[in-house]
Amino acid sequence: MTRTRTPVVAGWFTADAEEDDFRLLGTRCSACSAVFFPREDTFCRNPACPGGELAEVPLSKRGRVWSYTDGRYRPPAPYVSDPGVDWEPYILVAVELAAEGMVVLGQAAPGVALADLAVGAEVEAVPGVLNEDQDTTWTTWHWRPAPTPEAHS
Ligand SMILES: [Zn+2]
């Protein structure tokens, strides 16, 4: 059986992109340039802004670890957690995107250990899988250490 790959939240990231092109998606206000993630499609939340058009914008692929922690307990509902499957500890990373001036939470990619992370270390957003059911692979984003220093041009 082939499962359909479906973003767990529509419009928050590039759903069909290859790993190199994968980006989180926010929105930017045309009047004040504020960037929102999660995306804000109704009105600019900047109280000093007269209000502009909100357009979708890809966020920086890379950021720096602002904080991180590991979750060693099975999360409570409504988090999807199959009681028939051994609970896997996971790592939650808060990543600062300098260009956008924001911190974005996400899980570390499978295989990333606490020892692989450090505050200030560069990480990148990559496609990930939140969970799978009979018909659907629910996709999300993960953070993982950036493989090479970003090229400076
Ligand atoms: Zn604005």
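Numerical summary
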| read-out | value |
| --- | --- |
| Computed over the chain: relative contact order in percent, which uses C-alpha pairs under 8 Å that are six or more apart | 24 percent |
| Ellipsoid equivalent to the chain - semi-axes via the Cα gyration tensor, in Å | 28, 20, 15 |
| Residue among Phe43, Phe13, Phe22 with the largest mean-square fluctuation in a Gaussian network model of the chain, springs linking Cα atoms under 10 Å | Phe43 |
| Given charges at beta-carbon only (K, R positive; D, E negative), |dipole| of region 31-73 in Debye | 320 debye |
| ³J(HN,Hα), Karplus 6.51/-1.76/1.60, whole Hz, each residue of region 130-138, x for Gly, Pro | 7, 6, 10, 10, 4, 10, 9, 9, 8 |
| Debye, to nearest 20: dipole size of the chain, +1 on Lys, Arg Cβ, -1 on Asp, Glu Cβ | 400 debye |
| Debye, to nearest 20: dipole size of region 1-63, +1 on Lys, Arg Cβ, -1 on Asp, Glu Cβ | 200 debye |
| Extension gain from Glu88 to Glu132, taking 0.36 nm per residue of separation minus the Cα-Cα distance | 14.4 nm |
| Hull volume in cubic angstrom per residue (convex hull over the Cα atoms of region 96-145) | 84 Å³ |
| Exposed trypsin sites (Lys or Arg not before Pro) absent - longest run of the chain, DSSP non-H/G/I/E/B, at most 13 other C-beta within 10 Å | 73-153 |
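Every number in this text was worked out from the coordinates using simple rules, so none of it is lab data. Everything quoted here is computed from the prediction, not taken from an experiment. Every residue, glycine as well, gets a Cβ built from its backbone with ideal geometry; the counts of neighbours run over all protein chains shown.
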